[in-house]
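A single structure is presented below for examination.
The values are calculated or read from the model by the stated rules, or taken from the named source; none is laboratory data. Bear in mind that the values here come from a model prediction, so they are computed numbers and not experimental data. Note: ideal-geometry Cβ built from the backbone for every residue, glycine included; neighbour counts use all protein chains shown. Accessible surface areas use protein heavy atoms only, side chains included; no ligands, DNA or RNA. Shrake-Rupley method; radii C 1.70, N 1.55, O 1.52, S 1.80 Å.
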Amino acid sequence: MSLQDLDTDLAAGVDHQIAMVMDLNKCIGCQTCTVGCKTTWTESEGQEYQYWNNVETRPGQGYPKDWEEKGGGWESANRSSVKDGDIPAKEEYGEAWEFDFEAAVSKPDTETLQPKGEDPEWGPNWDEDQGAGEYPNSHYFYLPRICNHCTHPTCVEACPRQAIYKRAEDGVVLVDQERCRGYRYCVEGCPYKKVYYNAAKKTSEKCIFCYPRLEGEGPDGEVHGPVCATECPTQLRLVGYLDDQDGPIYKLVEQYEVAIPLHPEYETAPNIFYIPPFDAPPQIDEMGETTDIDRIPEEYLEDLFGDRVHQARETLQREREKVNRGGSSEVMEILTSNNPAQQYRLEVFDS
Ligand code: SF4
């Protein structure tokens, strides 16, 4: 299977495409990635509501609330026009709550730990851990999301000033803050709602894939993966170049096809890929016995990841059985590796 066949060929003018694979079977919803990103990039005025990395509970409404119903993306597979989209309201992201920190620290109780002002009705992670289904078959899983640094980004297409662009060396999607006039067509155009308007600066802002860290401008002057990946306690994120045929990303996405993008039907060709949560426990029947029915409905996973989810599940099952029988599996080795050189394969390779 070639890059061409899978529609993950490089965008015009891009030499290599940086990408990430997240194994959802390992996410514990601890939000370390969210906090790492927030404290690195979005602590300034106007960014209070911004979470370039968020982790939402699924099934659930997500952040911003019901983002999948807000349009954007390409109208069709031929990518001739961008679908109309909405700008989410501030309340749909969730306002940053104000607390009386002094009171909360000196006398922590149910009253002092409440946010100040009116009772909030929504916030980021409002529906955390609610999920769906009924006991004993209730279920949920965590879905971490960042900008997908799409190969065919509709945020870029929507901008009349060419202020958003894919940079040539690695396909990272960036907003040129000098060119941006804050029209917010990019917010409408992105179907994942991963561009944010900064009302204090009057420009749009978004995940930059921690590009300064990729360039060796991390705290120790060395090359590092994005903060969300390196801080993750379960190390569920692999980072590398999609077109590096010896790298783990290429192998999981292209060769074995077990890592798949979120909502491929938006046609933006995302470069963030997921191993879906196939390891959830099965359903339990009325006698309390374990069945062979999946607790997270297959149709729900198909809604999120498209019909390639079935093939990915079969391949992973086959590979796991191989290992259980004492054989070896490259896929399982990649997914269970603790080797940082494999997890963050960031040197630009010869092509
Ligand atoms: Fe643009 Fe949205 Fe794709 Fe990011 S996810 S590149 S913001 S269209």
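What's the long-distance tail for the chain, i.e. % of Cα pairs beyond 26 Å?
Working: 31767 of 61425 pairs.
Distances greater than 26 Å cover 52 percent of the Cα pairs.
Would you mind telling me the antiparallel percentage of the DSSP bridges in the chain, rounded to 5? It would help to have the intermediate numbers written out before the result.
Values: 24 of 29 bridges.
The antiparallel fraction comes to roughly 85 percent.
OK, next. Could you name the lysines in cross-link range of residue 193, using Cα to Cα under 27 Å and dropping any fewer than eight places away on the same chain?
26, 38, 65, 70, 83, 90, 166, 201, 202, 206
So how far apart, in nm, are the two label points at residue 315 and residue 137 if each is 7 Å from Cα heading toward Cβ?
Each label point lies 7 Å from its Cα, and together they span 2.9 nm.
Using a probe radius of 1.4 Å on heavy atoms only, what accessible surface per residue do you get for the chain? Whole Å² is fine. All intermediate terms of the calculation are to be shown ahead of the outcome.
Working: 17140 Å² over 351 residues.
I get 49 Å² per residue for this part.
Can you compute the FRET efficiency between residue 114 and residue 222 using 1/(1 + (r/R0)^6), with r the Cβ-Cβ distance and R0 = 56 Å? Round to the nearest 0.05.
So, using R0 = 56 Å, E works out to roughly 0.80.
Could you tell me the center-to-center distance, by alpha carbons, between the stretch 171-207 and the stretch 71-93 in angstrom?
Between the Cα centres of the stretch 171-207 and the stretch 71-93 lies a distance of 14 Å.
Cβ neighbours within 10 Å, averaged per peptide: list 151-158, 275-282 in order, most packed at the top.
Numbers: 151-158: 22.5, 275-282: 18.5.
Most protected by this proxy first, the peptides run 151-158, 275-282.
What number, rounded to the nearest 500 deg cm²/dmol, is the helix-based mean residue ellipticity at 222 nm of the chain, given -39500 (n - 2.57) per DSSP H run of at least four residues and division by all its residues?
On the way: 11 runs with 74 residues, N = 351.
Rounded to the nearest 500, the figure is -5000 deg cm²/dmol.
If you roll a 1.4 Å probe over the chain with all protein chains in place, what percent of the accessible area is carbon or sulfur? Walk me through the numbers before you get to the answer.
Details: 7980 of 17140 Å².
Solvent-exposed carbon and sulfur of the chain make up 47 percent of the total.
How much of the pair distance distribution for the stretch 63-216 lies past 18 Å, counting alpha-carbon pairs only, in percent?
68
At what distance in nm do the modelled label points of residue 342 and residue 280 sit from each other, each positioned 7 Å from its Cα along Cα→Cβ?
Once both label points are built, they end up 2.8 nm from each other.
Please report the accessible area of residue 184 (heavy atoms, 1.4 Å probe, ligands and nucleic acids excluded) in Å², nearest 10.
80
Along the positive direction of the dipole of the chain (beta-carbon charges: Lys, Arg +1; Asp, Glu -1; about the Cα centre), which of 273, 182, 64 reaches farthest?
Positive-most Cα among the choices belongs to 182.
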